[in-house]
């Protein structure tokens, strides 16, 4: 039986969060003025090795960068003791390209345009499992410049709309979309040589330990039944993927236990609260702030709490008062 890792996106404004590297992914609400940053003194409970920090720039691709980091770290943490596996950097742009291709194809087939700027953790896992992976050295051979993501999405969206009223031209329109992706991202090789071995994208992904694991996506919303699967009505959940719903306290316990038991996880939540300071490197809840699930749900529906950034959590710490903090590493675009 495969081991199930409780490691994937959790939609909640996570309290007591130690920030090592941050950026905003897609701001969907007005950002409140920052609050004064308290002074903290941290004691590390767990901290796992991970690949070097990459820079997503001013894009909405935090999901791809965080999941590339997560998969890279999984490959090392899940390798056998006698393996010499090192961090093999996976290009987030490859995941973005494959996501855009999948969204474009779905739009052509369904007649409903689903070309969104963001995505979630399962999007990257689906790419990894079904489209494979390639090392960043191979990808950059045909990818010298950063794609213009806004232009690409706009042109793919226009092509998808065109196919809805010219259905007889769908095959030609799909080829036009493929050509656009090749122009912006580079032509993907059918096979490639890496460290003396010949691979396809599928065989390269199959050679990495992360592909042999199973993962689950968790969430916490009190308008869904607890301890049951649910559909999260989020724009970035364009595949209508299933999440498992837990009470907030249980979700926090699962997260802490995972980080203390040799696992990392990916968290997706709100980074635009006034007590979230990227420059100060810390996010916190003021003392005495209640974790009221009903109030949190109301704030979510009003747009005050959003899912605007994804981060890879690689550690856990506490301060002198005993309050828990989690240690993310994502992209710095300050």
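What shape does the stretch 174-333 have by the C-alpha gyration tensor, where a ≥ b ≥ c are the square roots of the eigenvalues, rounded means a/c under 1.5, and otherwise prolate means a/b greater than b/c and oblate the rest?
Values: a/c = 1.90, a/b = 1.65, b/c = 1.15.
Taking the square roots of the gyration eigenvalues as a ≥ b ≥ c, the stretch 174-333 is prolate.
Rounded, prolate or oblate for the stretch 108-156? Axes are the square roots of the Cα gyration tensor eigenvalues, ordered a ≥ b ≥ c, and the cut-off for rounded is a/c under 1.5.
Oblate, because a/c is 1.5 or more while a/b does not exceed b/c.
What's the extension gain from residue 168 to residue 137 if we count 0.36 nm per residue and subtract their Cα-Cα distance?
Details: separation 31, 0.36 × 31 = 11.16 nm, distance 3.96 nm.
Here the answer is 7.2 nm.
For the residues 53, 96, what sequence is obtained by ranking on other C-beta atoms within 10 Å, fewest first?
Fewest-to-most ranking of 53, 96: 53, 96.
Is the stretch 222-302 rounded, prolate or oblate when judged by the Cα gyration tensor, a ≥ b ≥ c being the square roots of its eigenvalues, rounded requiring a/c under 1.5 and prolate requiring a/b larger than b/c?
On the way: a/c = 1.45, a/b = 1.22, b/c = 1.18.
Since a/c stays below 1.5, the shape of the stretch 222-302 is classed as rounded.
Could you line up 279, 324 from fewest to most neighbouring Cβ atoms inside 10 Å?
Ordered by Cβ neighbours within 10 Å, fewest first: 279, 324.
Please report 136, 44 as a ranked list, fewest other C-beta atoms within 10 angstrom at the top and most at the bottom.
44, 136
Report Rg/Rh for the stretch 148-262, rounded to two decimals, where Rg is the Cα radius of gyration and Rh the Kirkwood radius.
1.11
Restricting everything to alpha-carbon atoms, can you work out Rg to Rh for the stretch 89-207 with a Kirkwood hydrodynamic radius?
That ratio is 0.99, to two decimals.
Throughout, read-outs are computed from the coordinates displayed, never taken from laboratory work. Here the structure is a predicted model, which means the values were calculated and not measured. Glycine also receives a Cβ, built like all others from the backbone with ideal geometry; neighbour counts cover every protein chain displayed.
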